[in-house]
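Colleague: Just passing along the structure, written as structure tokens.
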Amino acid sequence: MTSIFSKIIAGDIPSYKIYEDEKIYAFLDIHPIQLGHVLVVPKEEIGDILDMSDDSLSELMLIAKNIIAPAIKKATNCERVGFSVEGLGVKDHMHLHLIPLFQLGDLNPEKAHTETSENMKMIQDKIVSSLT
Ligand code: AMP
């Protein structure tokens, strides 16, 4: 079975793409906890972070830390960027959540909501143009 994230990476399902290289794809979460919530996904379809090789996990974390999170911070002016791995919704393809944080409680999944396509496009453009 192909995971929903592999379908996004293949372009079969649309996404608000933020970043792509040979091994990693990042895009806006469709139900952001905060506007600017990004998912960073290894192209290799591995379900559980515990099954990732040290090299693949290191690579994913370094791209998240050095490239994507700073762009989120710049684009949203947040105080911190939260990193989380849960994986109870999409179990068959590991993903790292990067979430702009402004105050305590901003990682609460109960804050997940739908944004307008205008807001999603606006924050996509801001984050992409903040990538260095
Ligand atoms: P988790 O609960 O950690 O598995 O998170 C799965 C995340 O994937 C949720 O935050 C969903 O909103 C997100 N998600 C599911 N389908 C899509 C999609 N088609 N595009 C973007 N994000 C998605």
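Quick note: the coordinates plus some simple rules give every number you see, no bench work behind them. A quick note: this is a predicted structure, and the numbers were derived from the prediction, not measured. Every residue, glycine among them, receives a Cβ derived from its backbone with ideal geometry; neighbour counts consider all protein chains shown.
Colleague: Roughly how far apart, in whole Å, are the Cα centres of region 1-37 and region 58-78?
Modeller: Distance between centres, Cα-based: 15 Å.
Colleague: Which residues' amide hydrogens lie under 5 Å from the amide hydrogen of ARG80, considering only partners 5 or more residues apart or on another chain, with H built in the peptide plane?
Modeller: HN-HN under 5 Å from ARG80: LEU101.
Colleague: How much net charge surrounds VAL90 when only other residues with a Cβ under 12 Å from its Cβ are counted (Lys, Arg +1; Asp, Glu -1)? Mind showing how you got there, number by number?
Modeller: Details: positive: LYS7, LYS91; negative: ASP29, GLU45, ASP48, GLU86, ASP92.
Around VAL90, the charge tally is -3.
Colleague: What length, rounded to one decimal in nm, is gained on full extension from GLU45 through to GLU110, with 0.36 nm per residue of separation minus their alpha-carbon distance?
Modeller: Details: separation 65, 0.36 × 65 = 23.40 nm, distance 2.70 nm.
Stretched out fully, the GLU45 to GLU110 stretch lengthens by 20.7 nm.
Colleague: Something else about it: Just tell me which aspartates and glutamates come within less than 15 Å, Cα to Cα, of LYS74; anything on the same chain fewer than 8 places away is out.
Modeller: Candidates past the 8-residue exclusion: ASP125.
Colleague: With a 10 Å Cβ neighbour count serving as the proxy for reagent exposure, in which order, fewest first, do TYR19, TYR25 appear?
Modeller: The fewest-first ordering by Cβ neighbours comes to TYR19, TYR25.
Colleague: What ³J(HN,Hα) values, in whole Hz, does the Karplus curve 6.51 cos²θ - 1.76 cosθ + 1.60 give for region 42-51 when θ = phi - 60°, with x put for Gly and Pro?
Modeller: x, 5, 5, 7, 10, x, 10, 3, 5, 9
Colleague: Assign unit charges at the C-beta atoms only (+1 for Lys and Arg, -1 for Asp and Glu), then state the dipole size of region 38-132 relative to its Cα centre in Debye, rounded to the nearest 20.
Modeller: Taking the Cα centre of region 38-132 as origin, the dipole is about 520 debye.
Colleague: Over the C-alpha atoms of region 83-132, what are the Rg and the largest Cα-to-Cα span, Dmax, in Å?
Modeller: In order Rg, Dmax, the Cα atoms of region 83-132 give 13.0, 32 Å.
Colleague: Of the options GLN124, GLY47, LEU107, report the single residue whose Cα projects farthest towards the positive end of the charge dipole of the chain (beta-carbon charges: Lys, Arg +1; Asp, Glu -1).
Modeller: Positive-most Cα among the choices belongs to GLN124.
Colleague: To the nearest 500 deg cm²/dmol, what mean residue ellipticity at 222 nm is calculated for the chain from DSSP H runs of n ≥ 4 alone, each contributing -39,500 (n - 2.57), summed and divided by the residues?
Modeller: Result for the chain: -8500 deg cm²/dmol, rounded to the nearest 500.
Colleague: Relative to the Cα centre, what is the charge dipole magnitude of region 90-132, using +1 at the beta carbon of each Lys and Arg, -1 at the beta carbon of each Asp and Glu, and rounding to the nearest 20 debye?
Modeller: About 80 debye.
Colleague: Another question, if that's okay. Return the aspartates and glutamates within reach of LYS121: Cα separation strictly under 13 angstrom, same-chain partners fewer than 8 residues apart disregarded; answer none if there are no such residues.
Modeller: ASP29
Colleague: Which of rounded, prolate, oblate describes the chain, given a ≥ b ≥ c as roots of the alpha-carbon gyration tensor eigenvalues and a/c under 1.5 marking rounded, otherwise prolate only if a/b is larger than b/c?
Modeller: rounded
Colleague: Between ILE30 and LYS7, what is the spin-label point distance in nm, taking each point 7 Å from the Cα along the Cα→C-beta axis?
Modeller: My value for the distance between the label points is 0.8 nm.
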